[in-house]
Amino acid sequence: MTAAMRAWLRAMARLFGCGSAAPPRALPVAMLLCCALGSPAWADSPLSIEAAPAAFSPFDFALLGDPQIGFGPGGEYGDAHRLGKIVDSVNAARLPLVLVAGDLVQDRSIWQKWLFQWQASHFGARLVLVPGNHDVTDAATLADYRERFGPDYFDVVFRDCAFVVINSETARDRRISPAEFDRQWAFLERSLAAHHDARRRHIVLITHRPPFVTNESEPEAATNWPPDTRARLLALARQHGVHWILSGHLHGTHDISTSDGVHIVVVAGSARSYDHSPIDYGVFRVDRDAISYQRVAVDGPTEPPYSVPGLRGWTPRLFDFSVRHWILTVLFVLAGLSALRTSRVLGTAGVLWRAIAFALFAFGVNMQLDLDEMLQEIARIAAKVSGIYPIRHLVTAGALVALGTLGVAMIVRHHRRTGHRWTLTLALVALIVPSAWLSLSVISHHDLGMLFDEGWWDLLTLVSLGTVIVCSRRAVR
């Protein structure tokens with residue numbers, strides 16, 4: 001039994017059985033309810049702002065890095081288990097305020113969101129959520145985030161200290177929405193000026209992506225902000241007396257300070273760390289004239305993900321147990337066996353049914369080997385070697401569009417030649433769903449989405465597999 005499977009079993013034991021932050025025992029029923037209702041009710045509002053800010057008194061607050069349900073070892077269950085440990089620790093310490101620095105979930109599926117919200121609802125503290133690059137990728141996901149979690153940028157005043165939340169995904173550049181970019185920067189300037197004029201005891205910025213990782217002049221990367229907005233943010237911070245910027249995103253532990261006293265603290269998170277950081281969170285002590293912090297570990301570091309030598313981005317799911325992937329694997333195999341049985345009954349006339357069967361078996365294998373990640377890595381390496389970075393998506397997208405067009409043409413041609421046999425034609429059409437899913441997976445990354453939520457892909461896949469099974473049985477009647 002692999003360490004990942006042992007971690008999954010431990011997570012399942014917690015989720016089904018014990019712990020104040022564990023989901024209910026009737027987990028299958030809860031899954032159906034979460035899909036039907038969207039999310040559980042919060043114990044308190046996820047955003048709690050003091051109507052009349054109290055006078056300052058020393059307090060502690062917690063900073064959590066990326067929970068990213070669905071990213072770490074053991075999949076969603078392992079991530080929920082590790083987040084639950086932090087919830088229990090924070091509640092035991094009776095901390096009054098908790099900041100979560102973005103990437104609440106990995107793929108934005110309904111089940112991942114529900115698991116995060118279930119665990120987060122058990123915090124006994126006031127909870128402040130920050131969106132990350134996995135939570136907000138475009139205008140549609142921004143709207144979904146606001147509907148489910150509330151505002152994506154805002155300020156909170158707690159005991160005469162201001163906490164200003166920034167949506168780094170719409171503030172670092174104009175890619176998602178120029179209008180949102182302008183509105184958020186207007187808010188930042190207005191909010192920081194107001195808190196500075198009100199002589200707040202401390203002003204703290206919270207943003208998912210840190211402005212920089214090693215130094216202010218480093219080049220733009222996925223880990224930081226572009227130089228222009230980075231300089232703009234730091235200038236505002238210095239102008240209004242901000243000395244602390246808190247972040248996540250890096251899946252590692254970082255503590256960087258500028259020469260003039262701006263501290264950037266990054267917490268690794270509970271999903272996965274790349275620098276062997278333990279599962280921990282930051283506890284910040286806010287005194288009248290200073291802020292200090294320490295890290296509280298709740299578990300050892302997560303095991304680094306296995307990757308195929310030479311292809312560091314290819315991590316076959318087979319080495320990181322996932323209930324969802326195994327369920328889909330079994331369903332692909334069952335549908336393939338049904339198509340294979342039909343091909344044997346029809347003999348030489350069942351060639352296309354045999355092709356459908358092997359295609360379904362291939363999709364089932366992909367659920368465990370993640371061959372789409374392999375193709376992504378090959379395209380990434382080709383782009384790096386050639387220096388033509390658009391090739392990473394243009395070549396793969398072009399090839400997949402060509403294959404898709406050829407496939408549609410073959411379906412139409414077959415349908416006309418076989419006297420309009422709807423059973424085989426419908427089965428071929430049903431293959432479009434897993435084919436499209438695989439194709440989009442190959443060309444997709446954080447900034448290029450999958451058209452819609454992964455949960456809808458799962459539903460469409462179930463419908464397509466059911467269609468294949470029904471058509472294969474009718475074909476031999």
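Bear in mind these aren't lab numbers, they're just calculated from the coordinates by the rules spelled out. Keep in mind that what you see is a predicted model, and the values were worked out from it rather than measured. Reconstructed Cβ throughout: ideal geometry from the backbone, glycine too, with neighbour counts over all protein chains shown.
Could you quote the convex hull projected area for region 142-201, Cα atoms only and averaged over all directions, in nm²?
4.3 nm²
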- Item | Mean Cβ count within 10 Å, highest first, over the residues of peptides 139-147, 70-78 | 70-78, 139-147
- Item | Under 5 Å, built H, 5+ apart or other chain: amide partners of ARG126 | LEU97, VAL98
- For the residues TRP225, TRP353, TRP456, what sequence is obtained by ranking on other C-beta atoms within 10 Å, fewest first? TRP456, TRP225, TRP353
- Query: Using the C-alpha atoms of region 211-323, what convex hull volume per residue, in cubic angstrom, is computed?
  - Reply: 143 Å³
- Task: Provide the packing ranking of 81-88, 313-320, i.e. peptides ordered by the mean count of other C-beta atoms within 10 Å per residue, highest first.
- Result: 81-88, 313-320
